[in-house]
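Presented below is the structure to which this report refers.
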Amino acid sequence: MNIKPLHKNVIIERQEKDLTTESGIILQSNDEADKGLVLAIGSEVTDVSVGDIVLINWNKASKFSDKQWKVTEEDIIAVFEE
């Protein structure tokens, strides 16, 4: 499904937390992932680009599919840089 957000809206895919330790122990966790991958941006978005990994205020995000969420640009807290 292709989606084009309007204005300052951003479509995010929630990134799963790594649930395996370095020694190979698999952890069970119900914690929410804190990172998201930017899939699409509206025409008025200026500070993030498609493909960026971002930190989101998940309390203001709207879920519309299994892993995809809609946020506004103002709800993006930070962009992770390599």
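The values are calculated or read from the model by the stated rules, or taken from the named source; none is laboratory data. Here the structure is a predicted model, which is why all the values come from computation and not from measurement. In this analysis, Cβ positions are derived from the backbone assuming ideal geometry, glycine residues included, and neighbour counts consider all displayed protein chains. SASA here: full protein model, heavy atoms, side chains in, ligands and nucleic acids out. Shrake-Rupley method; radii C 1.70, N 1.55, O 1.52, S 1.80 Å.
Here is how the numbers come out for the structure above:
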read-out	value
Residue 15 versus residue 46: modelled label distance in nm, points set 7 Å from Cα along the beta carbon direction	2.6 nm
Amide hydrogen neighbours beyond the local backbone of residue 15, cut-off 5 Å, H modeled	35, 36, 37
Stretch gain in nm, segment residue 53-residue 79, where the contour uses 0.36 nm per residue and the Cα spacing is subtracted	8.8 nm
Net charge of Cβ neighbours under 11 Å - reference residue 42; Lys, Arg +1; Asp, Glu -1	+1
Sulfur and carbon atoms: percent of accessible area, the chain [1.4 Å]	47 percent
Positive minus negative residues near residue 65 (Lys, Arg vs Asp, Glu; Cβ under 11 Å)	+2
Stretchable slack from residue 34 to residue 63, in nm (0.36 nm times residue separation minus alpha-carbon distance)	9.0 nm
For residue 40, distant residues with modelled amide H under 5 Å away	11
